[in-house]
Amino acid sequence: DAKTTQPPSMDCAEGRAANLPCNHSTISGNEYVYWYRQIHSQGPQYIIHGLKNNETNEMASLIITEDRKSSTLILPHATLRDTAVYYCIVSPRGNAGNMLTFGGGTRLMVKP
Amino acid sequence: EAQVTQNPRYLITVTGKKLTVTCSQNMNHEYMSWYRQDPGLGLRQIYYSMNVEVTDKGDVPEGYKVSRKEKRNFPLILESPSPNQTSLYFCASSLSAGGWADTQYFGPGTRLTVL
């Protein structure tokens, strides 16, 4: 699986957009970009995923650069409950075992 | 409500005393797996199951056993727990394996301490 690089921590003001970057410069053509988050020792929670095109759902937007070497997760109006560790993961379709390889992630602190 | 449940949520035990952590999902998912999470090491997969009676080792299977006799349940068995198995354990499930577009749903976690 391609390795990802994320900043270890970020702060965001409540109500503002949180933009979380992820570098995956060695991503292969068949690898998807996934984002999960983990709120203090709870089970990780799926947020969004994409292959090439930008994606949006009720939780967030995912912007993938044209060369697919990096992406940004956008939480449009961050709330205090969005304080969590955010993980960017890349993995191919048909990944044997469906194993998720979580790196260090970005610890997002949303402040009032 | 669609969910993955684990029991117990917290467990303190002693070395060598066999224990089982149960995992159950009510979403009719084919795929289930177990992870452990340790500080600085992220989540590491222990075992996974692609369907009933089909299980395979993940990254760190030593000291663990699993079984998948029915679709909804995937218990994790520690035959002779040791202190290095002190960790936070998560069970996860997804609709199927292999189609990576399937998202994984995680249980709430089981914090195990082995003295």
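Here, each number is a calculation from the coordinates, and none is a lab measurement. Just so we're clear, the structure is a prediction, and the values are computed from it rather than from any experiment. All Cβ positions, glycine included, derive from the backbone under ideal geometry; neighbour counts span all protein chains shown.
Less than 16 Å apart at the alpha-carbon level, and either on another chain or at least 8 residues along: which lysines does that give for A:Lys3?
Here the lysines satisfying the reach criterion relative to A:Lys3 are A:Lys69.
About its Cα centre, what dipole magnitude does chain B give when the only charges are +1 on Lys and Arg Cβ and -1 on Asp and Glu Cβ, stated in debye to the nearest 20?
360
Could you order the peptides A:6-13, A:31-38, A:72-79 from most to least packed, using the average number of other C-beta atoms within 10 Å per residue?
My ranking of the peptides, most packed first, is A:31-38, A:72-79, A:6-13.
Report, ordered by chain and residue number, the lysines lying within cross-link reach of B:Lys17, taken as a straight Cα distance under 21 Å and ignoring same-chain residues fewer than 8 apart.
Candidates past the 8-residue exclusion: B:Lys65.
I'd like to know how chain A sits against the 2.2 N^0.38 Å rule of thumb: what's its Cα Rg over that expected value?
1.01
Among B:Asn51, B:Gly109, A:Val90, which residue has its Cα furthest toward the positive end of the charge dipole of the protein assembly as shown, with +1 on Lys/Arg Cβ and -1 on Asp/Glu Cβ?
Working it through, the farthest residue towards the positive pole turns out to be B:Gly109.
Counting Lys +1, Arg +1, Asp -1, Glu -1, what net charge surrounds B:Asn84 among other residues with beta carbon under 12 Å of its beta carbon?
So the surrounding residues net to -1.
Based only on Cα atoms, what Rg/Rh ratio does chain B have, Rh being taken as Kirkwood's radius?
Taking Rg over the Kirkwood Rh, I get 0.95.
Give a residue-ordered list of calculated ³J(HN,Hα) values for region A:48-55 (Karplus: 6.51 cos²θ - 1.76 cosθ + 1.60, θ = phi - 60°; whole Hz; x for Gly, Pro).
So the J values, rounded to whole Hz, are 6, 8, x, 10, 10, 7, 5, 10.
Once amide H atoms are built 1.01 Å from N in the peptide plane, which residues 5 or more positions from A:Met109, or in another chain, come under 5 Å H to H?
Hits under the 5 Å cutoff: A:Met10, A:Asp11, A:Cys12.
Using the Karplus equation 6.51 cos²θ - 1.76 cosθ + 1.60 (θ = phi - 60°), what ³J(HN,Hα) coupling, rounded to whole Hz, does each residue of region B:13-18 give in order, writing x for Gly and Pro?
Per-residue couplings from phi come out as 9, 10, 3, x, 8, 4 Hz.
Calculate the mean, over all residues of peptide A:35-45, of how many other protein chain Cβ atoms lie within 10 angstrom of the residue's Cβ.
If you average over the peptide's residues, the count of other-chain Cβ atoms is 4.
Going Cα to Cα from B:Lys71, which lysines come in below 20 Å? Please leave out same-chain ones fewer than 8 positions away.
Within the straight-line limit of under 20 Å, B:Lys71 reaches these lysines: B:Lys57.
What list of ³J(HN,Hα) couplings, whole Hz, do you get for region A:23-32 from phi and the Karplus terms 6.51, -1.76, 1.60, once you set θ to phi - 60° and write x for glycine and proline?
Couplings: 9, 9, 5, 9, 4, 9, x, 9, 9, 8 Hz.
Say we join alpha carbon atoms closer than 10 Å with springs in a Gaussian network model of chain A; which of A:Ser41, A:Ser70, A:Ser28 then has the biggest fluctuation?
Sorting by GNM fluctuation, first place goes to A:Ser41.
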